[in-house]
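Participant: Right, I'll just put the structure down here and ask away after.
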Amino acid sequence: MSGSPYAPHTDAETAAMLDAVGAADEAELFDIPDPVAFDGEFGIESRSEQALRRELSGLLAENDDLTEFLGRGHYEHYVPSVVDSLSKRSEFLTSYTQYQPEITQGFLQALFEYQSMLVELTGLEIANCSMYDAATALGEAALLADRVRSADGEVVLVPETLREGKRSVLANYVDGAALRVEEYPTEEGTADIDALDDAVGEETVFVYAETPTVRGCIEPNLAGIGEIADAAGALFCLGSDPVALSILEEPASVGADVVVGEAGVLGLPASYGMGLGLFACKEEFLRQVPGRLVGASEDTEGTRAYTLTLQTREQHIRKQRATSNICTNQAWVALRAAMHAAYLGADGLVDLAEDCVTLAQDLAQDIDDIVGLRAPVDDRHQFREFVVGTDQPAQAVADDLEAEGFAVHVIGQHRLQVCVTDANAHAADDLVAAFEEVAA
Amino acid sequence: MSEQNREPGRTYDQATYAVSDDENEPLLTEKRSDTVEPGDALPDDLTRDELTLPNPEEPELARHYTRLSQMNWSIESGPYPLGSCTMKYNPPVTEDVAADPNAAVHPDRSADSIQGTVGLLAGLQDYLGRIGGMDAVTLQPPAGAAGEFTGIAVARAYHRANGEDRSEVLIPSSAHGTNFATAALAGYDVVELPSGEDGRVDMEALEAAVSEDTAALMLTNPNTVGLFERDIEAIADVVHDAGGLLYYDGANLNALLGRARPGDMGFDIMHYNVHKTFATPHGGGGPGAGPVGVTEELEPYLPNPRVAETGSGYELVESEDAIERVHGFQGNWLVLVKAYAYIARLGDSGLADASAKSVLNANYLAGQVDLAVPYGPFHHEFAATAGDAAAADVAKRMLDFGVHPPTTNWPEMVPEAMLTEPTEIESKQSLDDLAAAFDAALGSTAEERHDAPSRTTARRIDQTNAARDPRLSWQALDGE
Ligand SMILES: Cc1ncc(COP(=O)(O)O)c(C=O)c1O
């Protein structure tokens, strides 16, 4: 019987160790009562490295090779090779949470830098090391509102267009706090301000808006939404991402109390929805922040040093009174996002964000020129993506596009959604040609 | 018992790059920054005024992060025996598999067009079900604590479906903090169970605490001092007789691989911690994954969507009774690929060997270290007590001897606890070095320990000041 390739014991060493502990064999060391002991087999065959790689690359090759024009919450920007090579250094990749800061200064500094970049992008004073994804960050933000608002309302307001995955996670997170998720109307893909004003009442603790929205629309009246929330004593939470925030209005300047979103737009390629939850908020909520925070301090020699701090908020100390149950988060993804942001710098980020506007504008224009298609459907500035109206049933158009090698979203009977970034822009003309083939 | 005060096998000096007495590697922002205004793609009323961020050139970036990496301990640096954390070697082959360009797909692709991805997920659901003895598995939870939340939400949905309004979750006092926080997050009152004298669940205390308000009991087995809950069948009966469910925290599953399965012990719900048991890299604090397995009866409550095999392939299926979701998409996909690869690499015999060697290693190391271990027989980890010494100081001194110290001061039932889990990856030589480091740290004077560490990038860090005067960004350092 072969053992684990990652247990280095020779037979002689195993024998010596068994001898030292006074056991005849390893089985003797297990204190498992017979009725619950397992003597069956899993039936999982052990593979060599080569066989494993062949098998899994063969399996993954069953994925059709489509050029994706997909977004709606999961976006791809080109990740430079240097981000891969640096982040995969085993000193980063194979380290644990920084419980011994003296020997993990490198990761702590990288996370401190990540937090600082988000502080710059949001204009808010506090950013944590990460939440799991945008949806769980939204859930945590609503619970923060529940803790810090003195009014005892129970309604959390979100746009009716919110992506179902986010709405569902939010509903799950607030269930235990007896809060309720309600929706406010939108028009042209962004908040319907008058309807929102009507929807907000005494019972509202939290108002959530996104820019860009799930339809790729840039919200034109963020400050108005902030004022409505503020007047009702509700927290204003803004959903965005670090690329969009590089050029869009600074959240602090429009009255955002909390910013959440998907920070994995930097550093992560398309990863089947794996993300990086951005969480930033005003300093007044410092003691109520969920998740980990890295702070600067000094060591005994007076040298600047970094450490996890304010841990009395966290589950390992505060248990059921912790601000969140989160422990393992997305630290390595945050490291990659920080590397990617540093690689781009302010000018690279601004250029990338401007490209997200102009690429979407140009592609929408080209699609709009095709008979049987209208784009963008919403009368808004678009970021990365936009909605397309189709004369033909949208599903049929999408199926035909798939046969031509392209994936787009179907979001309604006659509605498609198309997302374009630096990662797929090279194929935009081909997509337009394919649309011409299939849409008429 | 070992010889007293054996010399440490080695000492350790960690890299520093001090350009001044005040700091080690400068912050990115202290090197080079730019301020840029948005161009004219958007009207001014939609844009910010300006953006200031570091702007290193690529070679500078590479050096910055390489230097930071050299100031960071990792499993490839040396032993990392953090109890409860299962710091195993992370086989690079799993990275290569996850880096397959065909793995880079969008979550809104039709299942039809990504049969490879959903096929792999189906395979992992199946493997995990077999390993845990569970009937159905969801891969959505992105970490252990998220798995706990999923599991307790499943229990909540089950009780609600039965028209029952149960308000309490029972948790042993020795449990991990996430258990308590999870129960609270799901809206339950926590009832803390004291441990018995033998370090296990106290049956009398359990019977006294269980009631018709009990939604679930959350247990770790082996528990957090490494002991198998020998009364597990009786525990399951007590909880089930009261109408409650039994939840298994999978943090310590490494000890049981191939030897016992939570499903066979009467657990209704469990999470697997793949960044522990199945060796996916911890990445300095995630990403992880915390898949959840349940019995057939609870399957309808698992979050949507799940992967199912059909005659012709794999599809995503939804259940009407499903709880709300725990992740915006399908969880940490890349981590799941690595977990699948690890399990497939080891197979039955490798998995059983992992538990065998992890338990052998813990027992051997405990015998070599000059510290009392109050509770036994333990399995993959042991909770030694530092006795009169402060565990935290012993740990800091160990840093100077080329090893990472164990988890300290937890669980609280062991005074000055040093919870040690070497895992199966350490050789006898490496365990001897680790034991020497323990003994050298214990043999140091209290003053030496108090002043430790001295060979790491940072000397002892002032935690009090970090919390009293929080500086959480470089903006907050301005003027320093
Ligand atoms: C016993 C136990 N339970 C739960 C957890 C939480 O797991 P995670 O950090 O993956 O959320 C941990 C790990 O930190 C643990 O050791």
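Participant: Based on what the data block shows, is residue A:125 acidic (Asp, Glu) and within 7 Å of another protein chain (Cβ to nearest Cβ)? Reasoning before the result, please.
Facilitator: Working: acidic (Asp, Glu): yes; within 7 Å of another protein chain (Cβ to nearest Cβ): no.
The answer is no for residue A:125.
Participant: Would you be able to tell me the number of residues in region A:45-70 that are closer than 18 Å to residue A:409 by Cβ and more than 8 Å from chain B (Cβ to nearest Cβ)?
Facilitator: The total comes to 2.
Participant: Counting only residues that are buried (at least 19 other Cβ atoms within 10 Å of the Cβ), free of Cβ contacts under 8 Å to residues at least 60 places away in the same chain and in a loop (DSSP other than H, G, I, E, B), how many does region B:186-201 have?
Facilitator: Qualifying residue count, region B:186-201: 3.
Participant: Another question, then. What number of residues within region B:131-185 are outside any helix (DSSP H, G or I), within 12 Å of another protein chain (Cβ to nearest Cβ) and away from the ligand (no atom under 15 Å from the Cβ)?
Facilitator: Result for region B:131-185: 3.
Participant: Just checking, which of A:252, A:244, A:229 is open to solvent by less than 20 Å² (accessible area, probe 1.4 Å) and either among the basic types (Lys, Arg) or within 13 Å of another protein chain (Cβ to nearest Cβ) (or both)? Steps first, please.
Facilitator: Working: A:252 fails: open to solvent by less than 20 Å² (accessible area, probe 1.4 Å); A:229 fails: either among the basic types (Lys, Arg) or within 13 Å of another protein chain (Cβ to nearest Cβ) (or both).
On inspection, the qualifying residue turns out to be A:244.
Participant: Can you name the residue in region B:379-400 that is of a type in the set (Gly, Ala, Ser) and buried (at least 18 other Cβ atoms within 10 Å of the Cβ) and is also nearest to the other protein chains (Cβ to nearest Cβ) among such residues?
Facilitator: Of region B:379-400, the ones of a type in the set (Gly, Ala, Ser) are B:383-384, B:386-387, B:389-392, B:395.
Subset that is buried (at least 18 other Cβ atoms within 10 Å of the Cβ): B:383-384, B:386, B:389, B:391, B:395.
Numbers: B:383: 15, B:384: 15, B:386: 16, B:389: 17, B:391: 13, B:395: 7 Å.
Residue satisfying both the conditions and the ranking: B:395.
Participant: With the structure loaded, tell me whether residue B:53 is out of contact with any strand residue (DSSP E or B) (no Cβ under 9 Å at 6 or more places or on another chain), under 18 Å from residue B:473 (Cβ atoms) and either within 7 Å of chain A (Cβ to nearest Cβ) or assigned to a loop (DSSP other than H, G, I, E, B) (or both) or whether it fails that test.
Facilitator: Numbers: out of contact with any strand residue (DSSP E or B) (no Cβ under 9 Å at 6 or more places or on another chain): no; under 18 Å from residue B:473 (Cβ atoms): yes; either within 7 Å of chain A (Cβ to nearest Cβ) or assigned to a loop (DSSP other than H, G, I, E, B) (or both): yes.
No, not satisfied.
Participant: Moving on. Residue B:217: under 23 Å from the mean Cα position of the chain (by Cα) and either part of a loop (DSSP other than H, G, I, E, B) or not charged (D, E, K, R) (or both), yes or no?
Facilitator: On the way: under 23 Å from the mean Cα position of the chain (by Cα): yes; either part of a loop (DSSP other than H, G, I, E, B) or not charged (D, E, K, R) (or both): yes.
In short, yes.
Participant: Taking region A:125-166 on its own, how many of its residues are among the hydroxyl-bearing types (Ser, Thr, Tyr) and modelled with pLDDT under 95?
Facilitator: Initial filter on region A:125-166 (among the hydroxyl-bearing types (Ser, Thr, Tyr)): A:130, A:132, A:136, A:150, A:161.
Filter again for modelled with pLDDT under 95, leaving A:150.
Residues flagged as among the hydroxyl-bearing types (Ser, Thr, Tyr) and modelled with pLDDT under 95 within region A:125-166 amount to 1.
Participant: Quick check on region A:255-282: of everything there that is facing chain B (nearest Cβ under 10 Å) and open to solvent by 10 Å² or more (accessible area, probe 1.4 Å), which residue is farthest from residue B:47 (Cα to Cα)?
Facilitator: Filtering first and then ranking leaves A:269.
Participant: A follow-up question, please. Being within 12 Å of chain A (Cβ to nearest Cβ) and acidic (Asp, Glu) narrows it down to one of B:212, B:233, B:197, B:204, so name that one. Give the derivation first.
Facilitator: On the way: B:212 fails: within 12 Å of chain A (Cβ to nearest Cβ); B:197 fails: within 12 Å of chain A (Cβ to nearest Cβ); B:204 fails: within 12 Å of chain A (Cβ to nearest Cβ).
Going through B:212, B:233, B:197, B:204 in turn, the sole match is B:233.
Participant: What are the residues in region A:311-338 that are of a type outside the set (A, V, I, L, M, F, W, C) and touching a residue at least 40 places away in the same chain (Cβ under 8 Å), if any? Step through it out loud before you land on a result.
Facilitator: So the first thing to find is which residues in region A:311-338 are of a type outside the set (A, V, I, L, M, F, W, C), and the list is A:311-316, A:318-321, A:323-325, A:328-330, A:336.
Residues satisfying the conditions are A:323, A:324, A:328, A:329, A:330, A:336.
Participant: Something else now. Would you point out which residue out of B:226, B:163 is out of contact with any Asp or Glu (no Cβ under 9 Å at 6 or more places or on another chain) and of a type in the set (Gly, Ala, Ser)? Let's see the steps before the verdict.
Facilitator: Working: B:226 fails: out of contact with any Asp or Glu (no Cβ under 9 Å at 6 or more places or on another chain).
Criteria check complete, one pass: B:163.
Participant: Another question, then. Out of (1) crowded, with 24+ Cβ neighbours inside 10 Å; (2) touching a Ser or Thr at 6+ places or on another chain (Cβ under 8 Å), what's the single condition that is false for residue B:166?
Facilitator: Exception for residue B:166: condition (1).
Participant: For region B:322-340, which residues satisfy the criterion of being over 15 Å from residue B:127 (Cβ atoms) and at the interface with chain A (Cβ under 8 Å from one of its Cβ atoms)? Steps first, answer last, please.
Facilitator: Within region B:322-340, the first condition is being over 15 Å from residue B:127 (Cβ atoms), and the residues that meet it are B:322-334.
Hits for region B:322-340 are B:323, B:324, B:325, B:326, B:327, B:328, B:329, B:330, B:331, B:332, B:333, B:334.
The values are calculated or read from the model by the stated rules, or taken from the named source; none is laboratory data. Note that the coordinates shown come from a computational prediction; the quantities given were computed from them, not determined experimentally. Every residue, glycine among them, receives a Cβ derived from its backbone with ideal geometry; neighbour counts consider all protein chains shown. These accessible areas exclude ligands, DNA and RNA; they are computed on the full protein's heavy atoms, side chains included. Shrake-Rupley method; radii C 1.70, N 1.55, O 1.52, S 1.80 Å.
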